[in-house]
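Worksheet for the structure shown next.
The values are calculated or read from the model by the stated rules, or taken from the named source; none is laboratory data. Remember, predicted model here, so these are calculated numbers, not experimental data. With ideal geometry, Cβ positions are generated from the backbone for all residues, glycine too; neighbour counts draw on all protein chains shown.
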Amino acid sequence: MHKPEHKSDPGEPIEHAKQSGWQSDSALIMLAVMWGTSHVITKDILATHSPAFYTSMRFGIAAVFFLLMFSNHVRRSSSKEIFQGFLLGLCSFTGIAFYVAGLVFTQATKAGFITGLYLVFTPLLGFVFFQARPTRDHVAGLIVALSGFILLSYPRGGEPLNWGDVLILCAAMAWALHIAATSAFARVSDTRTLAAVQVMTVAVMAVTVHLILKSLGFESKPNTLDSKFLLQIGYMAIMVTFVAALIQTWAQGRVSSTHAAIFYALEPVTAAVFAYMVFGEQLGFSRGIGAALIVAGVMVSRLRLATRKNLIA
């Protein structure tokens, strides 16, 4: 697996992006589709299993795969690479924790679009932590997308505020930082170490939280290991976690975070299609406008910048 030899700002294109353009673009599209389907599968799992149990099973299984494949490699990695992987795992766990807690209380369709806000948060957090200066398009896109979030989540007809939407917004912020950090770290560190350490970090944190909640009596669902759950958790652990972590760190080491985020815009659309097919979820007119504004905000923030900088090969 290629290990980049130079460092560049997370928001800027890198020289070898065109050399593997179609491979990295195809990988990012596949990743976005897998993430889109995960909203529906996770929502279905949470109907019968607790969030902490689900998260610990998903990342625990994925961590076993990483240990089997890369344990010797990780032991030979530098302390800097391991620490960077730990930071990615911390960002990922924070996002997952907010997300699964929020999805208990909101629709998979809404979760998909709200999660998509990480696309407009990424350049701002990239600037705060990695000095990748955002443009006017980034700011304009953020305003449009947040307007969409308000329309999508604003209570209707005396409904209370859906705190699930707020929790998923927090998840989007955590994942935005994860995207920016991945683009920065994957250019100077080995992607196998980053992917393995981050997933193992999430697994340890998730199992710890599950055991604490169980000991305190907060795990009330039966959490049965039936065939349907095993099939779903297998897909989530192997494809959406194990394979996706490798794809993300590999592909983002070859493109900028801006370029990657353009393809991630497919995620909420995929989530909406699958949520309609499986649950029959529909947003209604005003919430549909809000969802469209979120996607429009991403386009304003990302596509105009990509066109000017010729990021797409």
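Here are the numbers:
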{"item": "Inter-residue pairs, beta-carbon under 7 Å, first over 15 Å from GLY148 (Cα atoms) and in the stretch 267-286, second of a type in the set (Gly, Ala, Ser) and exposed (fewer than 15 other Cβ atoms within 10 Å of the Cβ), 6+ apart", "result": "none"}
{"item": "Yes/no for PHE83 being more than 22 Å from HIS210 (Cβ to Cβ) and not small (Gly, Ala, Ser)", "result": "yes"}
{"item": "Search result, residues across the stretch 137-162 that are over 17 Å from GLY290 (Cα atoms) and either touching a Pro at 6+ places or on another chain (Cβ under 8 Å) or surrounded by 11 or more Cβ atoms within 10 Å (Cβ to Cβ) (or both)", "result": "ASP137, HIS138, VAL139"}
{"item": "Hey, VAL128 under 20 Å from the mean Cα position of the chain (by Cα), over 21 Å from MET205 (Cβ atoms) and modelled with pLDDT of 90 or more or not", "result": "no"}
{"item": "Complete set of residues in the stretch 27-48 that are in contact with a helix residue (DSSP H, G or I) (Cβ under 9 Å, 6 or more places away or on another chain) and more than 16 Å from VAL240 (Cβ to Cβ)", "result": "THR48"}
{"item": "Filter pass, LEU177 being buried (at least 24 other Cβ atoms within 10 Å of the Cβ), among the hydrophobic types (A, V, I, L, M, F, W, C), over 19 Å from VAL300 (Cα atoms) and out of contact with any His (no Cβ under 7 Å at 6 or more places or on another chain)", "result": "yes"}
{"item": "Tabulated pairs, the stretch 67-78, first free of Cβ contacts under 8 Å to residues at least 12 places away in the same chain, second in a loop (DSSP other than H, G, I, E, B) and not small (Gly, Ala, Ser), C-beta under 7 angstrom, 6+ apart or interchain", "result": "none"}
{"item": "From LEU231, LEU211, residue being in a helix (DSSP H, G or I), more than 22 Å from the chain's Cα centre (by Cα), within 17 Å of ILE61 (Cβ to Cβ) and of a type in the set (A, V, I, L, M)", "result": "LEU211"}
{"item": "Qualifying residue in the stretch 241-260 (condition: part of a helix (DSSP H, G or I), under 19 Å from SER50 (Cα atoms), modelled with pLDDT of 80 or more and of a type outside the set (A, V, I, L, M))", "result": "yes"}
{"item": "Residue within the stretch 180-199 that is polar (S, T, N, Q), at pLDDT 90 or above, in a helix (DSSP H, G or I) and under 15 Å from the mean Cα position of the chain (by Cα) present", "result": "yes"}
{"item": "Among the candidates ALA292, ALA313, residue that is at pLDDT below 90, surrounded by fewer than 22 Cβ atoms within 10 Å (Cβ to Cβ), more than 25 Å from PHE66 (Cβ to Cβ) and in contact with an Asp or Glu (Cβ under 9 Å, 6 or more places away or on another chain)", "result": "ALA313"}
{"item": "Members of the stretch 274-289 found to be at pLDDT below 80 and among the aliphatic types (A, V, I, L, M), listed by number", "result": "LEU283"}
